[in-house]
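Trainee: Handing you a structure now.
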Amino acid sequence: MSLISLITEAALASGCQDKSKCEAVLAEASSKQASLVEGLLDSDLIDEHDFARNLAETTGLSYQEDTELDLGHPLHNRFPAKLALRYHLLPGKIDGKDICLMTYDPFDIEAKQAVGRELQKNVTWAVSSRYRIMEGLRQGYGVGAEQFDELIEGREVAPDEDDLAQEVTQLDEEDQEASVMNFVNQIFREALRERATDIHIEPLEKNLRIRYRVDGALQEVTVPPNIRALQASLISRLKIMAQLDIAERRLPQDGRINLELDGEPIDVRVATIPSVHGESVSLRLLTSKSFDMSMLGLDERSTEIIDGLLQQPNGIILVTGPTGSGKSTTLYAFLRKLNTKETRIVTVEDPVENKLDGIIQIPVKSDIGLTFASGLRSILRGDPNIIMVGEMRDLETTDIAIRGALTGHLVFSTLHTNDAVAGITRLLDMGIEPFLIASSIRAFIAQRLVRTLCPQCKQPSSEIDHAYLDRIGFPQDGRDGICEAVGCQQCRNTGYRGRMAIIEICCIEQNLAEKITANAPYSELKDIAVENGMIRLRDYGWSKVAAGRTTIEEVLTNVDH
């Protein structure tokens, strides 16, 4: 039986419905002299776990899917990272001269030859799924381990060495630069693969920690042992990429890196912060997005209200919420919807987070006097139809924006407040006259981001504590729709995949405007807004829980009472 026929037989036994398509995929991989198994797995024609099980049976090898890694003894010390990562081999049981290696491609002759040359051990081969092996390699070796081994070779780190002095290396300069670059690139690639929005590189007392922020939650990344030996080399490389002063380690610095992955541009904002154990680096990954209203995940009613607000000829629409609540993303979605050939849109931002075609975006540069206020004055002289101010930080900026709205411009901006009505009191605290707020503001939109349940593994909640739901104010209707996070391969066992916005829209209608002018207290303003139809943040969140989109825990964590 030919190799293609053998693999096809295993694929059909694993649920492949299209034999001819399977054979075509394998033939194409064969013509390119690529791995037949890799080609089939990339085609998504099969369930890889079932395929691995059938492949093991076909080849007479054992199948190992649930083998636990012995992380008490680092894999680096037991099996070379270069072999493991290049050929995707996961070491299982290691006992003296015997070793069991797991592979998802038992037909990889090059891998077996490399292992035979490098290891003086009795090797037993087993089959596991590609997902299990790749997860095991990430867990056991850490991000960038293959490049790290090249860098660390021949270097020793004394535990009591000075934090900066320990970075001196005797490696060849050209080779070191290339290897450090590859190591940094691997960190970026892994973060983008995980859909991370931020990378944090944080020196600790005895280690260097790398964490990714995925769907708003920080996840620590497994790193190679002794990575702290390359702390300064790694951070210096990032500072060079961001065009920062590598000699300045005492003061915070900010910069940008322009990357490209698979033809897609990626803008990286870089911030360094000095600490007692060395410089910490935070990287914000800004990928090119197609901003539209659908990415907010709003319900039909909220979408209709916002569409009506966007059709206003003038006035101010303010999006409120804490840092990281998606305010800028929402404003970009608004601008993209309004961006036509007949409309001139100008923004002033600090910094410009995403570049939008057809829109003039001005970055704030306080060191040369280009502030929100000065930029806004210039914009008003430039005949705009729509203006976006990154943030209303002070009285001067807010006053200019309000006067711009009163003279016929539609203005968007953000405020840091806990809810929509609190935006009114925030402007009053700034010193804005109540009648100006009542006459210029069209709406306050409070926003939070919550993680959405993974559609592949979410399941109805097994136990519903009605007393608890009554206590937190969850409505009686919709309790049957409550789902819980489970965790699967698609969501990296978190139970969540992606995020959505929950919002609270306070439109400034006539009765509310009169109360604002009369300096009514916050509680009275909020009661009127609710009477006018405002759905409070938590109630909006409950509707998403009832629809099976998110969980009670996500709403409680992100929304105040």
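The values are calculated or read from the model by the stated rules, or taken from the named source; none is laboratory data. A quick note: this is a predicted structure, and the numbers were derived from the prediction, not measured. Neighbour counts run over all protein chains shown; Cβ positions are idealised from the backbone, glycine included. These area figures cover heavy atoms from the full protein model, side chains too; ligands, DNA and RNA do not enter into them. Shrake-Rupley method; radii C 1.70, N 1.55, O 1.52, S 1.80 Å.
Trainee: Among bridges DSSP assigns within the chain, what percent are antiparallel (round to 5)?
Mentor: The antiparallel proportion sits near 65 percent.
Trainee: Roughly how many nanometres apart are two label points built 7 Å out from the Cα toward the Cβ at Gln113 and Glu220?
Mentor: The modelled label-to-label distance comes out at 4.2 nm.
Trainee: Need the full-extension length gain, Ala547 to Thr287, defined as separation in residues times 0.36 nm minus the C-alpha distance. One decimal, nm.
Mentor: Working it through step by step, the gained length comes to 90.6 nm.
Trainee: Express the carbon and sulfur contribution to the solvent-accessible surface of the chain as a percent, rounded to the nearest whole number, probe 1.4 angstrom.
Mentor: The computed percentage sits at 46.
Trainee: Right, something else. Give, as a single signed number, the net charge of other residues whose beta carbon lies under 12 Å from the beta carbon of Ile379, with Lys and Arg counted +1 and Asp and Glu -1.
Mentor: Local charge sum for Ile379: +1.
Trainee: Which lysines, if any, have their Cα less than 30 Å from the Cα of Lys19, not counting same-chain residues under 8 positions apart?
Mentor: Within the straight-line cut-off, Lys19 pairs with Lys32, Lys112.
Trainee: Next question. On the first, second and third principal axes, largest extent first, how far apart are the outermost C-alpha atoms of region 219-280 in Å?
Mentor: Computed over the Cα atoms, the extents are 38, 28, 20 Å.
Trainee: A further question follows. What accessible area per residue comes out for the chain, rounded to a whole number of Å², with a 1.4 Å probe?
Mentor: I get 49 Å² per residue for this part.
Trainee: How do 98-104, 244-250, 211-217, 21-27 rank on mean C-beta neighbours within 10 Å, highest first?
Mentor: 98-104, 211-217, 21-27, 244-250
Trainee: Can you pull the one-decimal nm distance between simple spin-label points at Asp394 and Asp560, each 7 Å off the Cα toward Cβ?
Mentor: Once both label points are built, they end up 2.5 nm from each other.
Trainee: Let me ask something else about it. Within region 452-561, which GluC sites (Glu not before Pro) sit in a loop by DSSP and count at most 16 neighbouring Cβ atoms inside 10 Å? Could you put the intermediate results ahead of the total?
Mentor: Working: sites: Glu463, Glu484, Glu504, Glu509, Glu514, Glu524, Glu531, Glu553, Glu554; in loops: Glu463, Glu509.
Listed in order of number, the matching sites are Glu463, Glu509.
Trainee: When the helix-only estimate is applied to the chain (DSSP H runs of n ≥ 4, each -39,500 (n - 2.57), divided by the residue count), what is the mean residue ellipticity at 222 nm, nearest 500 deg cm²/dmol?
Mentor: One gets -11500 deg cm²/dmol as the mean residue ellipticity at 222 nm.
Trainee: Something else: When you have a sec, figure out the Kirkwood radius of the chain from all distinct Cα pair distances and drop it here in Å to one decimal? Don't jump to the answer; show the numbers that get you there.
Mentor: On the way: mean 1/r = 0.0365 Å⁻¹.
About 27.4 Å for the chain.
Trainee: What cysteines in the chain have no other cysteine with a beta carbon less than 4.7 Å from their beta carbon?
Mentor: If one checks each Cβ against the other cysteines of the chain, Cys16, Cys22, Cys100, Cys483, Cys506, Cys507 turn up with nothing under 4.7 Å.
Trainee: Measure up Lys82/Lys121; Lys21/Lys458; Lys82/Lys206; Lys515/Lys544 against 20 Å on the Cα-Cα distance and list the ones that go over.
Mentor: The answer is Lys21/Lys458; Lys82/Lys206; Lys515/Lys544.
Trainee: Further, regarding this structure: Using r as the Cβ-Cβ distance of Thr517 and Glu342, and R0 as 22 Å, what FRET efficiency do you calculate, to the nearest 0.05? Kindly include the intermediate steps, with their values, before the conclusion.
Mentor: Values: r = 35 Å, r/R0 = 1.59.
Plugging the Cβ-Cβ distance into 1/(1 + (r/R0)^6) gives 0.05.
Trainee: Within region 44-62, name every residue whose backbone N is under 19 Å away from a label modeled 7 Å from Cα of Gln139 along the Cβ vector.
Mentor: Under cut-off, by backbone N: 48-50, 52-53.
Trainee: May I pose another question? Under 11 Å from the 7 Å Cα→Cβ point of Ser2, by amide nitrogen: which residues of region 28-61?
Mentor: Counting only backbone N, you get 28, 30-31.
Trainee: Right, something else. Remind me, relative contact order of the chain in percent, using alpha carbon pairs under 8 angstrom and six or more residues apart?
Mentor: Once divided by the residue count of the chain, the mean separation gives 8 percent.
Trainee: Would you please give the FRET efficiency between Gln456 and Glu57, computed as 1/(1 + (r/R0)^6) with r the Cβ-Cβ distance and R0 = 35 Å, to the nearest 0.05? Working shown, then result.
Mentor: Numbers: r = 26 Å, r/R0 = 0.76.
With R0 = 35 Å, the Cβ-Cβ based efficiency is 0.85.
Trainee: Using 0.36 nm per residue of separation minus the Cα-Cα distance, give me the extension gain between Ile94 and Lys121 in nm, one decimal.
Mentor: 8.8 nm
Trainee: Continuing with the same structure: For Ile266, put the label point 7 Å out on the Cα→Cβ axis and report which residues of region 216-239 keep their amide N under 19 Å from it.
Mentor: Within reach of a label on Ile266, which here means backbone N under 19 Å from a point 7 Å along Cα→Cβ, region 216-239 contributes 216-224, 234-239.
Trainee: Ordering His49, His416 from largest to smallest accessible area (1.4 angstrom probe), what's the sequence? Let's see the in-between values first.
Mentor: Values: His49 45, His416 80 Å².
Result of the area sort, largest leading: His416, His49.
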